[in-house]
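Structure first, commentary second.
Here, each number is a calculation from the coordinates, and none is a lab measurement. This one's a predicted model, so the numbers in the text were calculated from it and none came from an experiment. When we count neighbours, we look across all protein chains shown, and the Cβ atoms used for this are built from the backbone with ideal geometry, even at glycine.
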Amino acid sequence: MIKKILIANRSEIAARIIRSAKEMGIKTVAVYSEADKESPFVQMADESYLLGPSRVNESYLNVDKIIEIAKESEADAIHPGYGFLSENHLFAERCERENIRFVGPNSHVLKKMGSKIEARKIMKEAGVPVVPGTMEALDTVEEAQAFAKEIGYPVMLKASLGGGGIGMQVVNSDEELENVFLDNQKRAKQFFGDGAMFIEKKIDDARHIEVQILADQHGQVMHLFERECSIQRRNQKVIEEAPSPFISAATREKMGEAAIRAAKAVNYTNAGTVEFLVDAEENFYFIEMNTRIQVEHPITEEVTGVDLVKEQLLIASGKKLSFEKKDVTMNGHAIEARIYAEDPERFFPSPGRITRLDLPEGEHIRHEIGVSSPFQVTPFYDPMIAKLIVSGQSREEAIERMKDALNNYHIEGIKTNIPMLKTIIEHEQFKKGNTKISFVEEFYLPILKR
């Protein structure tokens, strides 16, 4: 069993991992940048080490320093959380060489699934439906235009190694594609080190629905149902819920089976997520596999009672999953709202000093938070500072509890997206379950223009 774990991450996810590790009797090591020296997760860990300056390439992406600290602290495992190095096959490979357990799939799986183009090929061969699109990288605008004409506009232009909405854009014409292709290719190379681009057909009225999977090293592969993640701004999730208010029991079963086929196709181990686009007729299409714990994992925990981080640590220790699939059912409904330090109208980050922080309390409220009061929110990292999770026996009850919780969530000193979250939760279309990916553009932005 893992005895001591280094968390190669920050903020709320670092605190989340520390909490489960401590409950399992595993010692914890935090690493932090200069900007994060006052962050709550630094005090929560058994040991804490300074990584370096605030910028990510000098701290949370500094592989040599992280490995050095892991050895110095005698940590026998590293949990990468999400983002940063979590899906970096070279980092996982380095951990393997240094005989440090990486809490996630092995480096070979990360390499395969890190390329969306390669992942599409593997899934198609495994019989998992994929969005119609290119199976090879597009090197030139002319190639992209020719394929877009073949499948018909509108299309989605995507970066093969992309994430967080970077390098992704809806394109409606040859002219528009010519204007954006090179810029997106350049951004992809800048952020991910690879400018490979591909095109998918844009699915009308699509929803973003993902399936949580767990797989141990003893051949057990299972899914823990789905999460609806369609409420997005700039291709980044804002509100998630479990289960989806849209799909039928039959589609749920088919998606779960497809997710298991996807995991088995690459000999997947640990926790992961298979992401699908779902159209108005409940046809679903694979878009990518996230080879890590997800930001929105708490809502699955709330409706299943499974601690996903503990299962990750068991799997990384070579143990079997602590339960069998027949023992897992979905109970009730859970909703997560991401709290961002940002202008809720322009979606611009809003760094500054938090001078007041009052959190709502209640039996059915859960907080995953990376800040305190007073606290300096810096411009160096993603603006998400907390997650608010509520649960109820029904979706209607969960919505009402989320509404009440947001009304009692008070942050002063910085702007946050709480006004946006309130507007969405109270919107009639959200209450009806009409949670398409286009929700923000179709229903929220028009309200701002009134």
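So what's Rg/Rh here for the range 4-103, counting alpha carbon atoms and using the Kirkwood radius for Rh?
Over the Cα atoms of the range 4-103, Rg/Rh equals 0.92.
Remark: the residue 61-residue 108 segment gains 14.9 nm on full extension, using 0.36 nm per residue and subtracting the alpha carbon distance. Judged by the mean number of other Cβ atoms found within 10 Å, the most tightly packed of the peptides 382-395, 436-449 leads the ranking 382-395, 436-449. With Cα atoms as the point set, the radius of gyration and Dmax of the range 1-47 evaluate to 9.9, 33 Å.
For residue 264, a cut-off of 21 angstrom between C-alpha atoms picks up these lysines, skipping any fewer than 8 places away in its own chain: 111, 112, 116, 121, 124, 254, 319, 320, 325, 326. Sorting the Cα pairs of the range 279-331 by distance into bins of 5 Å, from 0 upward, gives 4, 15, 19, 20, 22, 13, 5, 2, 0 percent per bin. Take the Cα radius of gyration of the range 207-448 and divide it by 2.2 N^0.38 Å, N being the number of residues; the result is 1.02. Model label points for residue 34 and residue 19, set 7 angstrom from Cα along the Cα-to-Cβ axis, are 3.1 nm apart.
For the range 221-276, the list of trypsin sites (Lys or Arg not before Pro) that fall in a loop by DSSP and count at most 14 other C-beta atoms within 10 angstrom reads 234. Think of each Lys and Arg Cβ as +1 and each Asp and Glu Cβ as -1; about the Cα centre, that makes the dipole of the range 132-201 roughly 340 debye. Taking 65, 432, 112 as the candidate residues, the one with maximal mean-square fluctuation in a Gaussian network model of the chain, Cα springs under 10 Å, is 432.
Working note: 222 nm ellipticity from helices only, DSSP H runs with n ≥ 4, each -39,500 (n - 2.57), summed and divided by the residues of the chain, gives -9500 deg cm²/dmol to the nearest 500. Ranked by the mean number of other Cβ atoms within 10 Å of their residues, highest first, the peptides 351-359, 270-278 fall in the order 270-278, 351-359. The modelled label-to-label distance between residue 261 and residue 98, using points 7 Å beyond Cα along the C-beta direction, is 4.0 nm. Taking packing as the residue-averaged number of other Cβ atoms within 10 angstrom, the listed peptides 331-344, 398-411 run from highest to lowest as 331-344, 398-411.
With the charge dipole of the range 255-352 set up from +1 on Lys and Arg Cβ and -1 on Asp and Glu Cβ about the Cα centre, the Cα lying farthest toward the positive end among the listed residues 349, 315, 304 is that of 315. Electrostatic tally near residue 417: other residues with Cβ closer than 14 Å to its Cβ, Lys and Arg +1, Asp and Glu -1, net +3.
Taking the chain as a Gaussian network of alpha-carbon nodes connected by springs under 10 Å, the highest mean-square fluctuation of the residues 308, 214, 50 belongs to 50.
Taking semi-axes √(5λ) of the Cα gyration tensor in Å as calculated from this structure, the corresponding entry among (1) 30, 27, 24; (2) 39, 28, 19; (3) 37, 24, 21 is (1).
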